[in-house]
Amino acid sequence: MSLSSSRQWTERKRLPKPVDLSEELGRYIGKQVSYATHGIHRYPAKFIPQIPRFCLESFSKTGDEVIDPFMGSGTTLLESYILGRDSYGIDIHPLAQLIAKVKTTPIDSAHLGMLSRQLFSRIRSDEDDNSEWIPEIPNRAHWFRDDVLRDLATIKKHVWRMRKGDSQDFFKICFSSIIRKMSNSDADSLIPEVTSFRKKLDEQGKTSFDAMGKFENTVRNKLIDAEGLWRISKELEEQARPPKVRIIGNDARDIELDDSEVDLAITSPPYASAVHYVSVHKLEMYWLDLLKDLAKLDGRVVGTSRAYMNEYRPWEPKTKIPELRKLLGELVEKEKKSAYIVYKYFDDMRRNFIEVNRVLRRNGRYCMVVGENTFRKVRIPTYVILARIAVNCGFELRDMYVYDVINRHLDIPRWNKSRIEKDYILVFRRRRASAIDCL
Ligand SMILES: C[S@@+](CC[C@H](N)C(=O)[O-])C[C@H]1O[C@@H](n2cnc3c(N)ncnc32)[C@H](O)[C@@H]1O
């Protein structure tokens, strides 16, 4: 479906009817969404690889350059690599950067296998007191048992003593993957939480705290993933120019690329005050020495629910976008701070549209995968407002697709209470340079 002109759409009340891909995308489950290294580490609100694949196949060709400005765990980057496109990825989250790097860096699996055997034997034979390797974690005893702390410290010591580089990063990701499982947190809660349900399981002896065994098993499984990526890389090496993956900078509002460098952008952005990305993986980040100041990092995340009185007190809601104006009005009635948080989110997304517009080549596409959410019991038609901002920022809405999501964003408060939600793929085409004032 092609929409003839963006102006035509902006003047209309509703978005055009999208093409339904539910049947096509609903078929993919289990192994089909975790091939190669896609499942190397958990990450909140990942999209299934078939979504960026659909965009890559529809709107780019071999050798093109692709960017994902909110790359998360790097799904777009890995798909770009497999399909022979060069790619750039950005994320503010230090663990996301490490996951994406490991996900997209092929390493000789025979070499990794040899390193893992050495590592296991060093860990098993270490009887030292390694408590100096236990990081500072606020409220540490709440999160980890003493025996677990000791075992994790021993594993960490030997991983950290490896030669720095790609292989060490692979083992860091294996180490990171067991942190949450070895903690006292409930396995099912997105943000770490010690629940009474979990305590009961512990009392009944139904949970394992064998960190060494867990680490070895995890490494073995991830070696299989690594082998898959290594095989793909060997096939790609036969091409004239194997694709490159680069993780650049850390802020989607300030892209470290020159103008007109990329052919296609694909992303699933964060939502206003929905997933607390920093808290989800805080335990892993403490262990990996990636988190110095949680509040500071959280304040830089697009969609943060952090707002200070000196920011929102003097702020007055002002926007050209009717849906946003209505929404802010509703929220101001409840609490000005909440309205400001939502406004700030859309303003940050405006900055992202301006930057993506700048780095895209003429007629380049920006595919954005996004739905709706709720905040303070108010429905936020995020995809509608983002589409309006994009059009004001020099894009034209060319195509629109929709598909059912079986509530995988476990704790994004959605508008519809049923387990089936809708996500949209908005396909924008760059028409002209952005004006600053597009909100
Ligand atoms: C929905 S997730 C992306 C998930 C990704 N598609 C995947 O498959 O893993 C959104 C991401 O935006 C990131 N993010 C938030 N603020 C950012 C910013 N200012 N610059 C870059 N990334 C940011 C979050 O850390 C999070 O990883």
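Each reported figure results from applying straightforward, stated rules to the coordinates on display, with no laboratory input. As the structure is a prediction and not an experimental result, all values here were calculated from the model. We place every Cβ from the backbone using ideal geometry, glycine too, and count neighbours over all the protein chains shown.
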So if we plug the beta-carbon distance of S260 and Q32 into 1/(1 + (r/R0)^6) with R0 = 60 Å, what FRET efficiency do we get, rounded to 0.05?
0.95
About the Cα centre, charge dipole magnitude for region 310-392 (Lys/Arg +1, Asp/Glu -1 at Cβ), debye:
220 debye
Normalised by the number of residues in region 109-234, what is the relative contact order in percent for Cα pairs under 8 Å and 6+ residues apart?
29 percent
Out of D146, D186, D68, a Gaussian network model of the chain with alpha-carbon springs under 10 Å gives the largest mean-square fluctuation to D146
Any idea what angle helix 146-160 forms with the longest principal axis of the chain, computed on alpha-carbon atoms, 0 to 90 degrees, nearest 10?
80 degrees
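When the helix-only estimate is applied to the chain (DSSP H runs of n ≥ 4, each -39,500 (n - 2.57), divided by the residue count), what is the mean residue ellipticity at 222 nm, nearest 500 deg cm²/dmol?
-13500 deg cm²/dmol
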So if each residue of separation counts as 0.36 nm, and I subtract the Cα-Cα distance between S58 and R313, what length gain in nm does that give?
87.2 nm
Enumerate cysteines in the chain without a disulfide-compatible partner, where compatibility requires another Cys Cβ under 4.7 angstrom.
C174
FRET efficiency for V332 and R379, Cβ-Cβ distance as r, R0 = 25 Å, nearest 0.05?
0.95
Pick out, from F59, F428, L201, the residue whose Cα sits farthest towards the positive end of the charge dipole of the chain, with +1 on the Cβ of Lys and Arg and -1 on the Cβ of Asp and Glu.
F428
Would you mind putting 298-306, 21-29 in packing order, based on average other-beta-carbon counts within 10 Å, highest first?
298-306, 21-29
May I ask you to derive the FRET efficiency for R124 and Q204 from their Cβ-Cβ distance with R0 = 35 Å, giving the value to the nearest 0.05?
0.75
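At a temperature of 4 °C and a viscosity of 1.567 mPa s, determine how fast the chain diffuses translationally according to Stokes-Einstein, using the Kirkwood radius over alpha-carbon pairs as Rh; express D in µm²/s, rounded to the nearest whole number.
Calculated translational D: 56 µm²/s.
Multiplying the sequence separation of K292 and I191 by 0.36 nm and subtracting their Cα-Cα distance, what value in nm do you get?
34.5 nm
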Where is the GNM fluctuation largest for the chain (alpha-carbon springs, 10 angstrom cutoff): W315, W143, W287?
W315
Measuring from its Cα centre, the chain shows a charge dipole (+1 at each Lys and Arg Cβ, -1 at each Asp and Glu Cβ) which, in debye to the nearest 20, is 1220 debye
Using 0.36 nm times the number of residues separating E238 and R145, minus their current alpha carbon distance, what extension gain do you get?
28.5 nm
